[in-house]
1. If you count only protein heavy atoms and use a 1.4 Å probe, how large is the accessible surface of D291, to the nearest 10 Å²?
2. Calculate, for A574 and A611, the FRET efficiency according to 1/(1 + (r/R0)^6) with r their C-beta to C-beta distance and R0 22 Å; round to the nearest 0.05.
3. Would you kindly find the accessible area of E643, with a 1.4 Å probe and non-protein molecules such as ligands, DNA and RNA excluded, rounding to the nearest 10 Å²?
4. Stretched out fully, how many nm does the piece from E229 to Q307 gain, at 0.36 nm a residue minus the Cα gap?
5. Suppose accessible area is computed on protein heavy atoms with a 1.4 Å probe; arrange Y110, Y482, Y304 from highest to lowest.
6. Would you kindly derive the ³J(HN,Hα) couplings of segment 155-168 from the backbone phi angles with the Karplus curve 6.51 cos²θ - 1.76 cosθ + 1.60 (θ = phi - 60°), listing them in order in whole Hz, with x for Gly and Pro?
7. Using a 7 Å offset from the Cα along the Cα-to-Cβ direction at both D399 and T222, what is the distance between the two label points in nm, to one decimal?
8. Considering only C-alpha atoms, what is the centroid distance from segment 206-261 to segment 645-659, in Å?
Amino acid sequence: MHGSYWSLVISRDALMETYSPPPATRTPVSTNIILLMQSCPDTCTGANCHCASTAIPGGIKPEDAPQFIVLTNDDAITTISHPVIMNITEKFNNINGCKMPATWFVSIQYTDPGLVQDVFVRGHEIATHTVNHVSNPDVNEIVGAKRWLNQTAKIPMEAIQGFRAPFLVFTPDQRAVLNSNGFLYDSSISETYPTASSPARNEMLWPYTMDYGIPQDCGISTGVCTAQERHPGLWEFPMWTIQDSKTNAILASMDPQGDQYELYKAELDSRLSGNRAPLGIYQHAAWLIADTNRATQLEKFLTYASQQPNVWFATVQQVLAWMANPVPASEYQQACPTSASLLSQLPGAKLCIAPNNGCVYGTWSTEQCRCACQNEDYATRSGYCLDEAGSCTIQKGYDFDLKEYVCASPSTPADGPSAETVAPPAVQLDKAECGHSLLQVNGLRISSKEPSPTQYTQAVKGVDGSCSTCAVVDPVNGSAFYTAQLPASETLTGVALLLGSDQTVDVRVGDSMDGNGMTNPVCASQIRVTANSPMVVTCGAKGSVVTVASKGGLQVCDLYPVIPAAASQEDDVAPTTVVVQMTFVGGGLSQARDVWAPAVCQVLKDITGDASATCLVRSVESVDGSLRRRALSAAGDILGTFEVTTINPLALNLAMRRGQDFAAQLQQVDVQIDPASVSAAVQTTPTTDSGDSDEGSLTPSAG
Ligand SMILES: [Zn+2]
């Protein structure tokens with residue numbers, strides 16, 4: 001029933017009639033290629049058959065034809081790629097008020113099914129790009145992706161119509177698989193000009209069905225196609241190349257180098273003055289991430305495009321639907337289903353929209369249908385909270401009463417105009433006895449031998465100023481000891497104690513660590529302590545070591561020295577700047593600079609427990625001078641230097657001394673450092689807190 005061979009020249013002559021006026025210049029067409037072309041009969045019409053042609057469908061005049069612009073993104077839909085594309089499409093509307101849609105060629109590996117649903121519910125098109133992004137995919141790779149999108153992401157089978165070959169390596173076999181498995185179209189074959197199928201930039205090939213072969217010049221592509229193959233009803237949506245305006249040199253069919261605004265504007269202007277073949281913006285999210293100028297340029301182009309008459313942003317499927325039933329632009333009604341109606345097509349799915357900006361400091365949780373922010377579940381760690389857009393951009397605050405990192409309630413303004421309006425929190429009975437953190441004592445040693453980081457961390461809990469965390473001290477040979485040693489320059493005259501259990505303890509104050517602080521005490525007393533009731537033991541003499549001992553185990557929840565008043569002047573402490581250095585492991589320079597360093601700075605600030613502390617990233621640099629972006633396998637390549645200014649430098653020094661613990665804390669925010677590389681040095685003292693620096697005084701003014 002199909003007709004005999006005829007020449008493309010004839011169809012081009014027919015095409016001339018629909019043009020007014022015809023393009024000024026024509027590039028001579030290679031007769032060799034034309035001879036390969038098969039005829040396409042007049043009976044090839046409608047949704048299932050469309051001849052390869054530069055003619056506008058339906059004989060519509062160029063000025064009446066819609067100019068379609070199709071944005072596609074390839075590869076996995078992840079928390080990284082999703083916001084990059086959404087940040088663009090959500091900014092633009094069609095003239096019917098609907099958001100600009102995109103077509104996503106999804107490779108399944110690494111794809112988050114919840115994000116696929118999010119994309120679908122926003123009116124975008126979900127298409128396939130194999131399961132594992134392999135070249136020369138077999139039927140399992142091609143059809144498997146469609147099945148996964150349907151079975152796991154719940155996208156209706158009939159909505160998944162398109163395919164793009166990974167690496168654009170396409171073959172006749174692939175197209176045969178597509179055709180026998182219910183696909184509507186392939187979009188893999190590059191189309192350039194001037195060629196037999198696209199004589200000029202303003203006269204480009206329209207999409208077509210492969211009933212009568214493939215007229216394109218696959219010699220310029222990375223795949224194989226022939227004029228002889230037949231795939232009835234299967235559309236090819238060409239990948240029109242972006243070419244240099246002056247030289248016609250082919251730049252790329254995807255991710256073209258150069259100013260994105262200039263490149264796409266030149267292509268669009270040509271089409272608007274020509275046969276209005278669709279304009280493809282074929283990009284990868286990673287391409288846009290790699291240089292943020294590209295998104296800016298692209299948005300500039302889309303702004304320009306949206307101001308041109310009859311321009312429509314469309315998916316591939318929407319373009320093909322129009323071609324099956326072409327109407328003038330003035331009559332065009334682009335389908336624009338609501339999110340609710342699209343959602344109703346997803347069995348069992350709930351409306352779950354990820355923030356356009358991504359989660360930032362967090363990861364998208366499909367189960368919870370929201371961003372899970374870094375460390376949000378850990379009251380003892382710094383981290384991030386949800387902002388109003390649902391991204392994790394708000395840093396946790398530190399509640400000095402709860403001694404926890406907390407997320408402010410979203411309805412509360414971050415900073416009230418006046419501190420006086422904030423009501424003081426309820427005071428616990430033992431509140432006044434807690435919070436005298438021994439950790440702030442310069443040169444403190446705890447549990448003298450510090451046998452392991454774990455035990456050390458455990459021991460620290462008893463002096464961390466928090467009454468809610470208790471050091472659990474296991475007995476050795478029937479007795480448990482808990483010892484804190486002040487530096488020689490400090491003296492104590494007693495100790496305040498809060499234990500987690502009722503017991504009798506031996507409290508001794510001495511001036512040496514002999515016998516675990518028990519030998520030759522300057523004073524000693526045996527007292528009965530009630531759980532969670534602060535007890536103060538004073539001593540007439542002065543010492544520097546305090547030991548609490550008991551038969552059986554101990555739970556030391558708070559322990560702090562009673563220091564003679566003259567030595568205790570915490571109010572006027574001048575801030576000190578501590579320079580902290582560490583080596584990042586892996587990740588690469590940009591990762592270390594943009595992601596890790598800010599996170600480290602936040603952790604460093606938090607460690608001080610000082611609300612007014614500041615942290616500055618002084619430098620993040622490649623030690624050997626090479627700027628390697630890729631993941632590095634060896635440690636020691638990227639050195640981070642930070643400046644923390646705080647009234648509590650000791651806490652930092654303690655943390656740095658325990659590099660292993662510090663590294664573990666950073667791992668909680670996905671930062672990798674070499675624990676052995678951590679160092680801290682006190683660099684400068686006082687920072688003037690007034691703008692008037694003329695006084696030149698090194699000591700804080702009493703006023
Ligand atoms: Zn790909």
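The values are calculated or read from the model by the stated rules, or taken from the named source; none is laboratory data. Everything numeric in this text was worked out from a predicted model, so none of it was measured. Note that we place each Cβ from the backbone using ideal geometry, even for glycine, and neighbour counts take in every protein chain shown. These area figures cover heavy atoms from the full protein model, side chains too; ligands, DNA and RNA do not enter into them. Shrake-Rupley method; radii C 1.70, N 1.55, O 1.52, S 1.80 Å.
1. 50 Å²
2. On the way: r = 16 Å, r/R0 = 0.74.
The value I calculate is 0.85.
3. The accessible area of E643 comes to roughly 40 Å².
4. Numbers: separation 78, 0.36 × 78 = 28.08 nm, distance 4.10 nm.
Taking E229 through Q307 to full extension adds about 24.0 nm, to one decimal.
5. On the way: Y110 170, Y482 0, Y304 45 Å².
Sorted by accessible area, descending: Y110, Y304, Y482.
6. Once θ is set to phi - 60°, the couplings for segment 155-168 become 6, x, 3, 5, 7, 9, 10, x, 8, 10, 6, x, 6, 6 Hz.
7. Going by the 7 Å Cα→Cβ label model, 5.4 nm.
8. Cα centres, segment 206-261 to segment 645-659: 61 Å.
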